[in-house]
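The values are calculated or read from the model by the stated rules, or taken from the named source; none is laboratory data. Since the model is a prediction, treat every value here as computed from it, not as a measurement. As a convention, Cβ positions derive from the backbone with ideal geometry for all residues, glycine included, and neighbour counts pool all protein chains shown.
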Amino acid sequence: MQAAPYFMHPERIKKMDFYITNAQVYHNHHFGAHVIHVTDGKIKLCTASDVPQGAETFDAQGRHVIPGFIDIHTHGAVGVDVNTAGPEDLHKIGRFFASNGTTSWLGSVLTDTEEQTQWCIEQFKAYDKIDTSDAAHLLGIHLEGPFLASAYKGAMPEHLLQQGNTALLRHYQELAEGRVKYMTVSPEVSGVTQMIPDAKKLGIRVGIGHSGATYQQAMEAIENGATLSTHTFNAMRLFHQHEPAIMGAVLASDEVYCEMICDGLHLVPATVNLLVKIKGLGRVIGITDSIMAAGLPDGHYHLGVNDVVVKDGDAKLESDGTRAGSTLTLNRGLKNIIAFTGKTLEEVIPALTENPAKFLGMEDHIGFIDDGMDADLVLLDEDNNVAQVFVKGNLVSKEA
Ligand SMILES: [Zn+2]
């Protein structure tokens with residue numbers, strides 16, 4: 001993959017009280033000449049005349065400043081697979097993400113054995129005890145399974161799929177001390193639709209996907225509280241004029257967020273354009289669904305228990321050629337969505353920032369540039385490549 005050009009600032013800003021000046025700041029969906037006062041990792045918008053004499057400043061050189069990207073669905077990068085990642089490995093992913101403009105992420109744990117899933121949860125807990133101020137925030141866990149349909153399992157090991165089981169989910173969430181934020185389920189699997197309200201009570205957002213659900217089954221899941229469609233159109237039953245299926249249900253439900261893998265492979269550009277037309281840019285969420293090969297050259301890798309081969313940046317299972325995640329970054333995703341839809345930068349930014357924040361219920365501190373928000377900021381160059389990144393006010397450096 002092509003690394004985004006990056007310009008190291010010669011002096012890392014250590015003092016956590018400074019002003020980002022000479023910037024075009026994305027605020028209320030438009031760029032304007034605001035000054036950002038960063039103090040204690042938070043944002044306060046002001047104007048040039050508010051900058052005190054002698055204050056520390058960071059000259060944005062007229063660049064666009066946007067909220068950091070939020071990736072709610074990724075299995076890894078730079079040689080690390082979330083399913084086998086210890087705290088330092090998660091940190092490695094987080095540094096790579098930060099250097100590419102993703103300032104918050106959920107680690108997607110692919111369906112695995114109960115023992116391994118519990119081990120993964122322990123690693124997320126251990127991660128919170130190490131110093132990770134140079135990395136993207138790890139917001140928590142996305143459980144991709146195990147309550148999924150075998151017919152649409154994708155890269156999931158079939159023998160590990162399970163029927164709906166609130167007790168198991170509660171056990172995971174208690175062990176995780178609330179770190180499970182989102183789970184993907186198949187509505188047609190026995191017991192799953194009934195467990196969605198329980199998941200919500202446990203603080204878990206529910207997405208539907210990896211699914212052959214009928215329209216009616218999918219609508220019942222939405223009525224029960226599912227609010228998202230996992231990698232929309234991929235690994236799901238497609239629309240038919242007599243059975244609109246899960247695809248029809250998620251397109252017809254205005255409130256449901258639709259994830260889209262914006263690499264141009266999982267969805268061809270025309271499909272991305274169509275999805276955006278139907279849902280609007282307020283209800284699509286760009287994701288990477290990236291695997292350990294992101295940030296690395298073509299070769300042989302793994303995803304959970306599967307062997308994966310990556311050729312021309314395209315990841316497929318060695319066993320049967322099923323596409324198995326991506327090597328995308330959200331910076332490339334941003335440029336792809338603009339190219340595929342003909343929409344402007346201003347219009348596309350929410351798909352990677354505010355929409356995932358709102359889906360997660362975290363819009364009070366991430367996803368926007370506004371007073372009191374975390375100072376998670378991305379400076380873009382004139383080609384929309386990531387130039388500099390701040391995570392909670394820390395200027396992060398490019399991963400080698
Ligand atoms: Zn996934």
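Residue 100 fails exactly one of the following numbered conditions: (1) within 16 Å of the ligand (Cβ to nearest atom); (2) over 14 Å from residue 75 (Cα atoms); (3) under 20 Å from the mean Cα position of the chain (by Cα). What is the number of that condition? With respect to (1) within 16 Å of the ligand (Cβ to nearest atom); (2) over 14 Å from residue 75 (Cα atoms); (3) under 20 Å from the mean Cα position of the chain (by Cα), residue 100 is out only on (1).
In the condition set (1) away from the ligand (no atom under 16 Å from the Cβ); (2) closer than 30 Å to residue 228 by Cβ; (3) in a strand (DSSP E or B), residue 38 is compliant with all but (2). State whether one or more residues within the range 240-250 are under 20 Å from the mean Cα position of the chain (by Cα) and modelled with pLDDT of 95 or more. Checking the range 240-250: at least one residue is under 20 Å from the mean Cα position of the chain (by Cα) and modelled with pLDDT of 95 or more. For the range 135-154, the candidate set comprises residues that are hydrophobic (A, V, I, L, M, F, W, C) and within 19 Å of the chain's Cα centre (by Cα); within that set, the residue that is farthest from the ligand (Cβ to nearest atom) is 135. Meeting the requirement of 3 or more residues that are modelled with pLDDT of 95 or more, the strands (runs of 3 or more DSSP E) wholly within the range 340-400 are 377-380, 386-391.
Set side by side, the residues 121, 43 differ, and just one is within 21 Å of the chain's Cα centre (by Cα) and of a type outside the set (Phe, Trp, Tyr), which is 121.
Screening residue 309 against (1) farther than 28 Å from residue 355 by Cβ; (2) among the hydrophobic types (A, V, I, L, M, F, W, C); (3) in contact (Cβ under 8 Å) with a residue 24 or more places away in the chain leaves a single unmet condition, (3). Here residue 9 fulfils each of the conditions (1) modelled with pLDDT under 95; (2) crowded, with 24+ Cβ neighbours inside 10 Å apart from (2).
Determine if the range 116-134 includes at least one residue that is modelled with pLDDT of 95 or more and within 15 Å of the ligand (Cβ to nearest atom). Yes.
When we screen 180, 206 for residues that are under 20 Å from the mean Cα position of the chain (by Cα), within 16 Å of the ligand (Cβ to nearest atom) and free of Cβ contacts under 8 Å to residues at least 40 places away in the same chain, the only hit is 206.
The residue that is nearest to residue 304 (Cα to Cα), counting only those in the range 318-365 that are small (Gly, Ala, Ser) and more than 16 Å from the ligand (Cβ to nearest atom), is 319.
Of all residues in the range 58-89, which are away from the ligand (no atom under 16 Å from the Cβ) and either surrounded by fewer than 16 Cβ atoms within 10 Å (Cβ to Cβ) or not in a strand (DSSP E or B) (or both)? Matches in the range 58-89: 59, 60, 61, 62, 63, 68, 78, 79, 86, 87, 88, 89.
Residue 102 passes every criterion in (1) free of Cβ contacts under 8 Å to residues at least 60 places away in the same chain; (2) crowded, with 19+ Cβ neighbours inside 10 Å; (3) under 24 Å from residue 375 (Cα atoms) apart from (1).
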